[in-house]
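Bear in mind that the values in this text are calculations on the coordinates, not laboratory data. It should be emphasised that the depicted structure is a prediction, and the values quoted were computed from it without experimental measurement. Here Cβ is always computed from backbone atoms with ideal geometry, including for glycine, and neighbour counts include all displayed protein chains.
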Amino acid sequence: MKFATAILAGLLAVATLRAEALSPISSSTDFQKFAQQLRENALLKIEPQVLAPSAFRSGFNRYPWKRNIVTTVFWVGEQPTVNNPVPNHKSSWDTKWAQNFGGYDNPDPSQRRNYIPIKFVPRQNPFYVALPYNDVTRGTTKPEGRKAIPWFKQAFERPGKSVLKGRWLAIKHGNRICYAQWEDCGPFRTDHWQYVFGNEIPRPNLNQGAGLDVSPAVRDYLGMSGKDTCDWKFVEARDVPTGPWSKYGDNNTFVLQKRGANLFLVDRNNAYGSKN
């Protein structure tokens, strides 16, 4: 209190001298305004500056890791089995998935080289995954998607068009991290948004509660032994480093950017989170 009083007294003294040196101040009211302005300027110099913290949930750290998720391998063109009752010649979002991919994504390691099949170069990203939620059904958008999906507002274009297809994930196994795009829904179910976007764990199923399907390319990069456990999280496209996942595919954000494509027209789900 004494310190503040001393400052004020000093400021008033300065104000008096300034008032005498400057052109005459017309009234006592003008003098008081002048003295108050000097006081405020002086206090700004001695008061600490408070800076608002930057948004700490941005970039790679925006989305949380899902830990120790049972992970299985699936592939484009896979035939139905007991533990995979749905054939993979089409996906939840692409009725001609195998055709658009360019062929059968053979999982046999002897039939692969550099993370792709040896018989052809894929026309879509060979690094792909499936998660057990689909945001569209019967030509419209599911109502919970608007609140559950973090990037819904930025990516939504029209009812019935997915805001999930092609989104990037990071998948961690051991000391390696792989990046891939979300291109199908499963394993087993397409309604578990509470796990995909919330805090629930995968629900029981025929594959020991598997909550993530990965492609042969992801399997090979991570060194998985068939069914395994992984961590995974969503990432923005700008936080994905270059790697084997950035080389191939008409649906690949990296490839599209190299071609100079307008991502808001051809890859809207990643456009807001891409590198400028």
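For the reader, a short list of remarks on this structure follows.
- For the stretch 248-265 and the stretch 82-125, distance of Cα centres in Å: 20 Å
- Ranked list, fewest to most other Cβ atoms within 10 Å of each Cβ, for Asp191, Asp135, Asp220: Asp191, Asp220, Asp135
- Charge dipole magnitude, Cβ of K and R +1, D and E -1 - the stretch 225-271, Cα centre, debye nearest 20: 160 debye
- If the chain linking Lys275 and Ile201 were pulled fully straight, counting 0.36 nm for each residue of separation and taking away their Cα-Cα distance, it would gain 23.4 nm.
- The alpha-carbon of Lys233 sits under 27 angstrom from the alpha-carbons of these lysines, leaving out residues fewer than 8 places away in its chain: Lys66, Lys90, Lys142, Lys147, Lys153, Lys161, Lys165, Lys172, Lys247, Lys258, Lys275.
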